[in-house]
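Presented below is the structure to which this report refers.
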Amino acid sequence: MATTNLFFSLTIIVLILSLSVSAADWNILLNQRKTRYGLQITLKNYCESWRMNVELHNIRDFDIVPEECVEYIGKYMTSTQYKVDSERTIDECTVYLSTSCGFKKDGSDAWIFDIDDTLLSTVPYYKKNGFGGKKSNSTALEEWMRQGKAPALEPSLRLFNQLKGLGVKIILVSSRKECLRSATVDNLVNAGYHGWTSLTLRGADDENKDVEKFKADVRKQLISGGYRIWGILGDQWSSIEGLPSAKRTFKLPNPLYYVA
Ligand SMILES: *[C@@H]1O[C@H](CO)[C@@H](O)[C@H](O)[C@H]1NC(C)=O
């Protein structure tokens, strides 16, 4: 009797497992799946490919990190690899500065920085809030921003200071709301950022606009004011796409969220 019961229980467990496997398209036991073209891959292969295609801007407008990749993305964002990738971005900015920028030093050379996950890291927030696997909660995120405890991205801070040393005007443009201005300024200063020329946040009028349009409009004004925008550093495509652009743009990695 006991053996029969055990057999039935096992059958049911296997049945449930195979159902959930087909739902998620994953072989949980082997931690493997096949791609559309029959390639046998691991979950790590799958999630690395997801991350790469986010950075390539092939995957757009995602609301949340796919459930099966949350752990992978969490690991990446707290890894040495993320730091190395960010450092490489800044190294390429430095190469550009020393080889291709003929600064006039007349007070009109400028560089634009994004804030979140460019100058300041929101990783501590996402660490406590499911690493992009949960639908974003702007109330909770803004409460966290108000505390002003976001740490600096060290490579970005080095670039910021290098540009300042070269006499380039530093322009900060962020989709943070205007009501977060004083918290943002305090946070930037506490994280080591000093001496920027202007900080543009999203006023009530701008909140109806896409972030890409808002940021492009800011650039339009800067250019008509006589600024030469040599570069933009951001972590979102909406920070660097749209017209007018800059002579060059640089994108830091960010697979946690997508801002359109
Ligand atoms: C969003 O965050 C706020 C503040 O932490 C919380 O009160 C609210 O319940 C959250 N909303 C959702 C949908 O989780």
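Every number in this text was worked out from the coordinates using simple rules, so none of it is lab data. The structure presented is a predicted model; accordingly, all values stated were derived computationally and were not measured. No Cβ is skipped: glycine too gets one built from the backbone with ideal geometry, and neighbour counts run over all protein chains shown.
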Partners for K104 among lysines (Cα-Cα distance below 17 Å; same-chain residues under 8 apart left out): K164, K169, K247
Counted charge near A152, where neighbours are those whose Cβ lies closer than 15 Å (Asp, Glu -1; Lys, Arg +1): -3
Label-point separation in nm, T35 to N161, each point 7 Å along Cα→Cβ: 4.3
Span-like helices, the chain: DSSP H, alpha-carbon axial extent 15 Å or more, mean Kyte-Doolittle 1.6 or greater, which ones? 2-24
Please report how far the C-alpha centroid of region 115-153 lies from that of region 60-92, rounded to the nearest whole angstrom. 14
Counting other beta carbons within 10 Å of each residue's own, what order do L39, L222, L119 fall into, fewest first? L39, L222, L119
Excluding S100 itself, calculate the net charge of residues whose Cβ lies under 10 Å from the Cβ of S100, where each Lys or Arg counts +1 and each Asp or Glu counts -1. +2
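Quick one: dipole size for the chain, taken about the Cα centre, charges +1 on Lys/Arg Cβ and -1 on Asp/Glu Cβ, in debye to the nearest 20. Please list the in-between numbers first.
Values: 33 positive and 30 negative charges, 79 e Å.
Taking the Cα centre of the chain as origin, the dipole is about 380 debye.
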Among S49, S245, S174, determine the one that fluctuates most according to a GNM of the chain built with springs between C-alpha atoms less than 10 Å apart. S49
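Determine the sum of side-chain charges near L199: Lys and Arg each +1, Asp and Glu each -1, restricted to other residues whose C-beta is under 11 angstrom from that of L199. Walk me through the numbers before you get to the answer.
Values: positive: R176, R181; negative: E178.
Neighbour charge sum, excluding L199 itself: +1.
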Lone Cys, the chain, Cβ cut-off 4.7 Å -> C93, C101, C179
